[in-house]
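Working notes, structure below.
What follows is calculated from the coordinates using simple rules that are stated; it is not laboratory data. Just so it is clear, the structure is predicted and the values come from calculations on it, not from any experiment. When we count neighbours, we look across all protein chains shown, and the Cβ atoms used for this are built from the backbone with ideal geometry, even at glycine.
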Amino acid sequence: MDNQKARMLGENLAHYKRAQENGSVNLIEFHTTDGQKFGIGNAAAIQLLLSAAVTELERQLHTARFGDIPERLEKSREYKTAKELEQALNDMGFNPKRFAETLPYFHKTLEQTFFRVMKACITGMAKREPNHIDGRNRAAYEMCRMLAPMLEEIRLPFI
């Protein structure tokens with residue numbers, strides 16, 4: 001972990017989040033390599049740019065603290081599938097209950113596999129170090145810590 005880089009990124013992230021939350025930014029200025037300056041004063045565009053900056057700083061901070069994703073994972077089918085799921089979940093219209101309603105329509109063998117994936121996700125999160133858990137995920141982490149001992153005892157047969 002690069003402590004100095006993580007501290008700097010954390011400070012920048014906090015600054016951008018405050019700016020995003022309180023709406024205090026009224027102009028974002030870009031300086032080109034040829035010395036020209038361009039500004040954006042549209043409030044909606046500023047919010048969008050700040051949102052993108054916050055998301056990117058969160059990613060950089062996570063990488064500074066915990067490292068990059070291992071190459072063996074990044075090239076795997078599972079990672080690519082997880083990234084597709086990430087995109088679907090990022091849509092504000094994604095409805096977890098409606099998603100759960102679709103499961104009975106899976107092929108029954110794939111439904112088994114899906115629940116193996118959910119079990120692995122729960123037990124995997126439960127094994128994380130507490131200092132690697134973001135405040136947004138604290139409740140889910142605590143729930144996984146409670147469920148994991150039971151799930152580890154239950155075998156899901158492949159039929």
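Counting only chymotrypsin sites (Phe, Trp or Tyr not before Pro) that DSSP places in a loop and that have at most 14 other Cβ atoms within 10 Å, the longest clean stretch of the chain runs over 1-93.
Measuring gaps between exposed loop sites in the chain (trypsin sites (Lys or Arg not before Pro); DSSP loop; at most 11 other Cβ atoms within 10 Å), the longest gap, sites not included, is 1-74.
Label segment 71-153 by shape, choosing from rounded, prolate and oblate, from the square roots a ≥ b ≥ c of the eigenvalues of the Cα gyration tensor; if a/c is under 1.5 it is rounded, and otherwise prolate applies when a/b is larger than b/c, oblate when it is not. Because its axes are fairly even, with a/c under 1.5, segment 71-153 counts as rounded.
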